[in-house]
Amino acid sequence: MFKNGTDNRRAFLKKSLAIGGAAGTTMLASGAGADTPDPLITEIQDWNRYLGEGVDSRPYGMPSPFEGDVVRRDVAWLTADAKASVNFTPLHKLEGIITPNGLCFERHHGGIAQISPEDHRIMINGLVDNPLVFTMEDLKRFPRHSEFYFLECAANTGMEWRGAQLNGCQFTHGMVHNVMYTGVKLKDLLAEAGVKPSGKWVLPEGADASHMTRSIPMEKALEDCMVAFAMNGEALRAEQGYPVRLVVPGWEGNMWVKWLRRLEVGDQPWHHREETSKYTDLLGDGRSRRFTWTMDVKSVITSPSPQAPINHGRGRTVITGLAWSGFGKIDRVDVSIDGGRNWHTARLDGPSLSKSLHRFYHEFDWDGSELFLQSRAIDEQRHVQKTKNALRKIRGENSIYHNNAIQTWHVKPDGLVENVEIS
Ligand code: MTE
Ligand code: CO
């Protein structure tokens, strides 16, 4: 039987060589076409010879060991303490628009709270007719909804304001993730409590050691906020706020309070503790931009990129990346290979959902010369991503937050890629 299989493979090899030859393509994988046969095709391999592990070997599945480098990474010097820190989504290794749960970047100010769902309570108090306390069981008796949303930290790409800094889209753009949340609508919970006419703001509070709080205007709370207990079909991960977090679609990540334990209704915004509320943008003239909640239109080429160089040489090459906007859907993405002189309309692929990541591709024939790759996203409200210099003219260089500028990757003739800035 094995011999037959080998014979079949030999026949297949001959046939595919013939087809490849006829088409005159240069696309064949290395080795095919050479006189020496490829043992990976002609010889029986171990995985083809021996039985594999059984269904009882991994009750909760993990990625293939060959994908061991596809992990969240942090930058040690960015923050003083790992408990008040951030790590980054490996965007350069992902496909489609969904971020796997184990790869969602984490940002917490007081470490990961471990809370048993039986011990968790959510309180609604303040300017409401009936102050309420919910258990997780109570919460799940309200109508449930599922929606895909991106979450982007306001500090994403913050290190790049002053110049090209970090060598990899994981580090420059990896404070974003995109999952399907399941939960209940905040407006349903607020209706249950009965918001008084004077109630104009909602204060969500976290149960973690950072006691994170935020002020959210009532219109947003009623528009599309969710109290979510699941991501991508399973319970939230502890890192993402298990057992329950607030989802604030399209708005900066710090408002998406994790380990949510209380929602207070008030008539004005609260004053927040400095270390969790400094998300204001300092402008060039010293004034600051406060309450910049919506995440602007943005995109980045994820491959090729510094951590995903071109290994295959010249010829057929795929450029891919992600685009998103807190204002809705992405309408169009343009890609340039010459630093913004010429633009090509990229191919959007996969679901196009409001306030969710979009996947784009641009296929081209690389002639082996150096490239300056850029992408420029346009959302359905006609917001257009700007160059770094255009953004600096508006916002100055003192800001850390809300950098949605066009990113440039320099591809060298050897296929290696570097983070650069061009004027
Ligand atoms: N909620 C609590 N309770 N504590 C926190 O430290 N960090 C905020 C927000 N919610 C935080 C929190 C910040 S700054 C961001 S960007 C997002 O959570 C990150 O969400 P993630 O860890 O799921 O990526
Ligand atoms: Co943040």
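The values are calculated or read from the model by the stated rules, or taken from the named source; none is laboratory data. This structure is a prediction, so every number in the text was calculated from the model and none was measured. Every residue, glycine among them, receives a Cβ derived from its backbone with ideal geometry; neighbour counts consider all protein chains shown.
Remarks
- Failed condition for Asp296, given (1) at pLDDT 95 or above; (2) surrounded by fewer than 18 Cβ atoms within 10 Å (Cβ to Cβ); (3) under 28 Å from Ser375 (Cα atoms): (2)
- Residue in region 161-175 that is in contact with a strand residue (DSSP E or B) (Cβ under 6 Å, 6 or more places away or on another chain), part of a strand (DSSP E or B) and of a type outside the set (S, T, N, Q) present: no
- Selection count where residues are within 30 Å of Pro63 (Cβ to Cβ) and among the β-branched types (Val, Ile, Thr), scope region 94-148: 5
- Scanning region 116-131 for residues that are aliphatic (A, V, I, L, M) and within 25 Å of Glu252 (Cα to Cα), we see that the one that is farthest from ligand 1 (Cβ to nearest atom) is Ile124.
- Against the criterion of being part of a strand (DSSP E or B) and either at pLDDT below 95 or near ligand 1 (Cβ under 10 Å from one of its atoms) (or both), Val179 qualifies.
- The criterion of at least 1 residues that are under 20 Å from Glu152 (Cα atoms) and among the hydrophobic types (A, V, I, L, M, F, W, C) is met by the following strands (runs of 3 or more DSSP E) wholly inside region 312-423: 315-324, 330-336, 358-366, 371-379.
- Tabulated pairs, region 208-219, first under 13 Å from Asp267 (Cα atoms), second within 8 Å of ligand 1 (Cβ to nearest atom), C-beta under 8 angstrom, 6+ apart or interchain: Ile216/Met255
- Filter result (aliphatic (A, V, I, L, M) and surrounded by fewer than 19 Cβ atoms within 10 Å (Cβ to Cβ)) within region 150-163: Met159
- Test for Gly96: is it within 13 Å of ligand 1 (Cβ to nearest atom) and on the phi > 0 side of the Ramachandran plot: no
- Scanning region 99-114 for residues that are in a loop (DSSP other than H, G, I, E, B) and either within 16 Å of ligand 2 (Cβ to nearest atom) or touching a Gly at 6+ places or on another chain (Cβ under 9 Å) (or both) gives Thr99, Cys104, Phe105, Glu106, His109, Gly110, Gly111, Ile112, Ala113.
- Checking each residue of region 134-153 against the condition of being assigned to a loop (DSSP other than H, G, I, E, B), in the same structural domain as Leu246 (by TED's automatic domain parsing), closer than 28 Å to Leu322 by Cα and within 16 Å of ligand 2 (Cβ to nearest atom) gives at least one match.
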